[in-house]
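Following: one structure in structure tokens, then a few remarks.
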Amino acid sequence: MRKIVNVSKKKSWFSAEPDLELLNQQIEEIEKEGWKVISIATNCNLFGAISSYSLLLEYSA
């Protein structure tokens with residue numbers, strides 16, 4: 001089974017990009033639950049700044 005997750009949490013409301021430390025922690029938690037990260041893609045806003053990350057996950061039982 002595969003699913004797509006969008007990660008966009010920021011350190012603070014004035015921060016331009018998502019929190020990479022939090023993203024890494026979430027990836028570790030996801031992998032502990034048996035999910036495998038297939039790919040990570042950046043999502044940009046109109047001005048070209050990274051606004052979020054999309055993760056393609058696959059469940060490996």
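Of the chain, which part is the longest with no trypsin sites (Lys or Arg not before Pro) in a loop (DSSP not H, G, I, E, B) and with at most 16 other C-beta atoms within 10 angstrom?
12-61
What number comes out for the charge environment of LYS10, summing +1 per Lys or Arg and -1 per Asp or Glu over other residues with Cβ under 15 Å away?
Spelling it out: positives minus negatives among the neighbours equals -1.
List the GluC sites (Glu not before Pro) in the stretch 17-61 that DSSP assigns to loop (not H, G, I, E or B) and whose Cβ has at most 12 other Cβ atoms within 10 Å. Which are they?
For GluC sites (Glu not before Pro) across the stretch 17-61 that sit outside H, G, I, E and B with at most 12 neighbouring Cβ atoms in 10 Å, the list reads GLU33.
For the stretch 36-43, in order, what is each residue's ³J(HN,Hα) by Karplus, 6.51 cos²θ - 1.76 cosθ + 1.60 with θ = phi - 60°, in whole Hz (x at glycine and Pro)?
Karplus-based 3J(HN,Hα) across the stretch 36-43 equals 10, 7, 8, 7, 10, 10, 8, 10 Hz.
I need the calculated FRET efficiency for the pair SER60 and ASP19, taking r as the beta carbon distance and R₀ as 25 Å, to the nearest 0.05.
Once rounded, the FRET efficiency stands at 0.40.
So what is the 222 nm mean residue ellipticity for the chain from helices alone, if each DSSP H run of at least 4 adds -39500 (n - 2.57) and you divide by all residues, rounding to the nearest 500 deg cm²/dmol?
The per-residue figure over the chain is -7000 deg cm²/dmol.
Could you give the angle, 0 to 90 degrees to the nearest 10, between helix 20-32's Cα long axis and the longest principal axis of the Cα atoms of the chain?
10 degrees
Ignoring ligands, DNA and RNA, what percent of the 1.4 Å accessible area of the chain is carbon and sulfur?
After summing per-atom areas, the C and S share lands at 54 percent.
For LYS10, list long-range residues whose amide hydrogen, built 1.01 Å from N in the peptide plane, is under 5 Å from its own amide hydrogen.
Amide H neighbours of LYS10: ASP19.
The values are calculated or read from the model by the stated rules, or taken from the named source; none is laboratory data. As the structure is a prediction and not an experimental result, all values here were calculated from the model. Note that each Cβ is placed from the backbone with ideal geometry, even for glycine, and that neighbours are counted across all protein chains shown. Just the protein is used for accessible areas: all its heavy atoms, side chains included, with ligands, DNA and RNA removed. Shrake-Rupley method; radii C 1.70, N 1.55, O 1.52, S 1.80 Å.
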